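Q: I am attaching a structure below and will ask some questions about it afterwards.
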Amino acid sequence: MRSKSSYYSEEFKWEVVQEVLSGKFTKEQARKVYGIKSNCAILYWMRKFSGNDNYRAGGNPLKNPIAMSKTKKEKVLEDRIKQLEDNLKREQLRADLWQKIVETAQEQLKLDIVKKYGAKKSVNQPNGSR
């Protein structure tokens, strides 16, 4: 069975909470304006967005919209950092794999694939002149 709060998108919940915290509406006014049936849904949303993972167990929601906004921004930034770290790890593995391929090719095929530091650039002669 789906909970009543799952009918609302996270963006919608966030906007309602911000309107209540900014003083545009009380929780009860917002509930009526947006047709939210649950008497305590907005309070749960406030607790959820405050960073309290167990928001149904109680506790005080953040009353400062700046603090709540910072919590949301921090979560977004933490997610982005994790994504970038995962990308970096994947690219490092890829670079290591290519390095191993080059080393193996040099050993098995006796090819000089990696340019030596300070090697002179070859000069291409125009056709016909040697």
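Every number here is computed from the coordinates shown, using simple stated rules; none is lab data. Everything numeric here is computed off the predicted structure, so don't read it as measured data. Cβ sites come from the backbone with ideal geometry, for glycine too, and all protein chains shown count toward neighbours.
Q: For LEU84 and GLU15, compute 0.36 nm times the residue count separating them, minus their Cα-Cα distance, and round to one decimal in nm.
A: The LEU84-GLU15 span can extend by a further 22.0 nm.
Q: Also, quick follow-up: Using the Cβ atoms and a cut-off under 14 Å, what net charge is assigned to the surroundings of ALA30, where Lys and Arg are +1 and Asp and Glu are -1?
A: Charge balance near ALA30 sits at +3.
Q: Which aspartates and glutamates have a Cα lying under 14 Å from the Cα of LYS72, excluding residues fewer than 8 positions away in the same chain?
A: By straight Cα distance, LYS72 reaches GLU10, GLU11, GLU15, ASP53.
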